[in-house]
Amino acid sequence: MVEALRYGLVGYGLNALSHTSELKNHPRLIGRTRWIVGFDPDPNANQMLNKIKGIKVAKSFEDLLDTTDLDAIIISSPPQYHADQAVAALEAGLHVFSEIPMAIKKKDIKRIIDAEENSRKVYQLGENYCFYSEVLFAGHLASSGKIGPIVYSESEYLHDVTYRWREGNFGDVDAPRIDSWYQLFDPLMYAHTIGPAQVALGGIKKPMPFIEVISYANDIGGYQANPICHPAKAFQVGLFKTETGAIAKCANAYIFAREPSRLIIQVIGRLGTYECYQIGKPGRLFLTDGHKISKSRHRKGKSKIVDNNELSTIIPPVEGLYYGSSVRIMEDWLQAINKGTKSSIHAKVGANFCMSGIQASRSARDGGKLKEIKKFTN
């Protein structure tokens, strides 16, 4: 029997609550980990931590790292701390699960890669959207060759997070404004589209990196075109190119008048198309009959609805938060630790996600100029 992984939690907000709950209660994860220490500098969060029985409440991040018998940490702190905390933990000989984004500065990406390689510990970037059934299905179609060479992928995450800048997390423009870490970077740097698009192009075992980007961003969705996420933009879209010539379109928003959030994935190959215009809802798969066309000059073939039953024939269903994606990505991390292998979204894969977002931001701020993207290979 494998001994339970003893982990520490850095940051005690909503994401941290979901992680601890799933690890403690989900049938696929019960008994595989043990939470032994937590740290959050916020007095309110610290007060909540002190009410939890059986864990040490660290006085600092360094105090958390010095905890006896600690095996790993889960980083759920604000994004500006992710890189330094991941590097410090890896150098201390600990496995790391880090919330997105991986880093917000290019110089920190290589630091994390080097720390992972030198420590031989398991780093997992927590881009759980890569583990949605629909995204995994799109990646399966691409990696298996079922829809032929891939031409295009598309991913959208149109999420209104206006509440993040309002006191009490609700209200209109008269509600007092508060600062949020979202304003530190543009929407595509937050991810949730870039990772899934790369998985849709190459599969979860070999996401396809981007090498170029042209991106645009605007503030039209904000109040009087002066969004409360300033200096970050309110909406951003990027066109990315891969080494194979395939193209991906990714769109993210911080302010967007849509409810619920829009999450889509689409992949188009030479011989077929899969499109799901709302994650959690049925999608559509079209497979051609070779290169035959009908009398109406449309491509001949067959289409079918891809609902949960159809998805389950390829992607085993998992219940849980975010349609089971949170359980899948956490289980992937734990299995990699037990087997002594790399996780699916290890540092170099995460770097391909992260660098794409950073370069997309540079492109948008330079008026849509083409930017090259450094590719990290295994």
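Readers should treat all values here as calculations from the given coordinates under stated rules, not as data from a laboratory. Treat the numbers as computed from the prediction; the structure is a model and nothing was measured. Here the Cβ is made from the backbone with ideal geometry for all residues, glycine too, and neighbour counts use every protein chain on show.
In whole Hz, what ³J(HN,Hα) sequence does the stretch 230-244 give by Karplus (6.51, -1.76, 1.60; θ = phi - 60°), x for Gly and Pro?
With coefficients 6.51, -1.76 and 1.60, one gets 3, x, 5, 7, 8, 9, 8, 9, x, 10, 10, 10, 10, 4, 7 Hz.
Compute, for the stretch 20-75, the length of the dipole vector about the Cα centre, with Cβ point charges of +1 (Lys, Arg) and -1 (Asp, Glu) only. Units Debye, rounded to 20. Please list the in-between numbers first.
Details: 8 positive and 8 negative charges, 83 e Å.
Here the size comes out at about 400 debye.
For 333, 181, what ranking results if the residue with the fewest other Cβ atoms within 10 Å of its Cβ goes first?
Values: 333 25, 181 15.
Ordered from fewest to most neighbouring Cβ atoms within 10 Å, 333, 181 come out as 181, 333.
How large is the dipole of the stretch 26-133 about the Cα centre if only Lys and Arg carry +1 and Asp and Glu carry -1, each at its Cβ, rounded to the nearest 20 debye?
Working: 14 positive and 15 negative charges, 58 e Å.
Dipole of the stretch 26-133, to the nearest 20 debye: 280 debye.
If R0 is 25 Å, what FRET efficiency do you get for residue 365 and residue 172 from their C-beta distance, rounded to 0.05? Could the numbers behind the result be given before it?
Working: r = 29 Å, r/R0 = 1.17.
Once rounded, the FRET efficiency stands at 0.30.
What percent antiparallel are the DSSP beta bridges of the chain, to the nearest 5?
Numbers: 41 of 67 bridges.
That works out to approximately 60 percent antiparallel.
Counting alpha carbon pairs within less than 8 Å and at least 6 residues apart, what relative contact order, in whole percent, applies to the stretch 5-128?
Numbers: 211 pairs, mean separation 29.3, N = 124.
Relative contact order of the stretch 5-128: 24 percent.
Let a ≥ b ≥ c be the square roots of the eigenvalues of the Cα gyration tensor of the stretch 92-163; is it rounded (a/c under 1.5), or, if not, prolate (a/b larger than b/c) or oblate?
Numbers: a/c = 2.31, a/b = 1.47, b/c = 1.57.
Note, shape of the stretch 92-163 comes out oblate.
Would you work out if the stretch 160-230 is rounded, prolate or oblate? Take a ≥ b ≥ c from the square roots of the eigenvalues of the alpha-carbon gyration tensor; rounded if a/c is under 1.5, else prolate when a/b is larger than b/c, oblate otherwise. It would help to have the intermediate numbers written out before the result.
Values: a/c = 3.54, a/b = 2.27, b/c = 1.56.
The shape class here is prolate.
Once you sort the root eigenvalues of the Cα gyration tensor of the stretch 159-298 as a ≥ b ≥ c, which label holds: rounded (a/c under 1.5), prolate (a/b larger than b/c) or oblate (the other case)? Before the final figure, lay out the partial values.
Numbers: a/c = 2.70, a/b = 2.08, b/c = 1.30.
Prolate, because a/c is 1.5 or more and a/b exceeds b/c.
Please give me the summed charge of the neighbours of residue 62: other residues whose Cβ is under 13 Å from its Cβ, Lys and Arg +1, Asp and Glu -1. List each step's numbers first, then the result.
Working: positive: 59; negative: 63, 66, 84, 91.
Neighbourhood net charge equals -3.
Would you work out the relative contact order for the chain, in percent, from Cα pairs under 8 angstrom that are 6 or more residues apart? Could you put the intermediate results ahead of the total?
On the way: 844 pairs, mean separation 70.0, N = 378.
Relative contact order comes out at 19 percent.
Return the loop-located GluC sites (Glu not before Pro) in the stretch 277-378 (DSSP other than H, G, I, E, B) with at most 13 other Cβ atoms within 10 Å of their own Cβ; answer none if there are none. Each step should come with its number before you reach the end.
Details: sites: 310, 319, 331, 372; in loops: 319.
Answer in residue order: 319.
Take each uninterrupted DSSP H stretch in the chain, measure its Cα extent along the helix axis, and return the ones at 20 Å or beyond whose mean Kyte-Doolittle hydropathy is at least -0.5. All intermediate terms of the calculation are to be shown ahead of the outcome.
Working: long enough: 106-119 (21 Å, -1.37); 325-339 (21 Å, -0.28); 347-365 (27 Å, 0.00).
Qualifying helices: 325-339, 347-365.
For a quick check, take a GNM of the chain with Cα springs below 10 Å and name the residue from 133, 326, 296 with the largest mean-square fluctuation.
The residue that fluctuates most here is 296.
Arranged by the count of other C-beta atoms within 10 angstrom, fewest first, what order do 108, 69 take? Could you put the intermediate results ahead of the total?
Working: 108 17, 69 8.
Going from sparsest to densest Cβ surroundings: 69, 108.
Average the reciprocal distances over every distinct pair of alpha-carbons in the stretch 5-128, invert the result, and give the Kirkwood radius in Å.
Details: mean 1/r = 0.0690 Å⁻¹.
The answer is 14.5 Å.
Considering the options 253, 228, 77, tell which one lies farthest towards the positive end of the dipole of the chain, charges being +1 on Lys and Arg and -1 on Asp and Glu at the Cβ, about the Cα centre.
Highest projection toward the positive end goes to 253.
If each residue's Cβ is checked for other Cβ atoms within 10 Å, how do 180, 363 rank with the fewest at the top?
On the way: 180 18, 363 24.
So the ranking, lowest neighbour count to highest, is 180, 363.
Take the eigenvalues of the Cα gyration tensor for the stretch 260-356, scale each by 5, and report the square roots as semi-axes in whole Å, largest first.
Values: eigenvalues 218, 60, 40 Å².
The three semi-axes for the stretch 260-356 are 33, 17, 14 Å.
Mind putting a number on the dipole of the stretch 250-378 about its Cα centre? Charges go on the C-beta only, +1 for Lys and Arg and -1 for Asp and Glu, and I need it in Debye to the nearest 20.
Values: 22 positive and 10 negative charges, 163 e Å.
Here the stretch 250-378 has a charge dipole of around 780 debye.
Only Cα pairs within less than 10 Å get springs; with that Gaussian network setup on the chain, which residue of 350, 221, 238 has the largest fluctuation?
Highest fluctuation among the options: 221.
With a 10 Å cut-off between alpha carbons and a GNM built on the chain, which of 291, 95, 140 moves the most?
It is 291.
In the structure shown, do any of 206/374; 342/371; 241/369 have a Cα-Cα gap over 22 Å, and if so which? All intermediate terms of the calculation are to be shown ahead of the outcome.
Details: 206/374 17 Å; 342/371 30 Å; 241/369 14 Å.
Those over the limit are 342/371.
For labels at residue 302 and residue 278 in the simple 7 Å Cα→Cβ model, what's the distance in nm?
The answer from the label model is 2.8 nm.
Would you compute, from DSSP H runs of 4+ residues alone, the mean residue ellipticity of the chain at 222 nm, taking -39500 (n - 2.57) per run and dividing by the full residue count, rounded to the nearest 500? Each step should come with its number before you reach the end.
Values: 10 runs with 108 residues, N = 378.
When only DSSP H runs of four or more count, the value is -8500 deg cm²/dmol.
Between the stretch 165-188 and the stretch 142-163, what is the C-alpha centre distance in whole Å?
Value for the Cα centre distance between the two parts: 28 Å.
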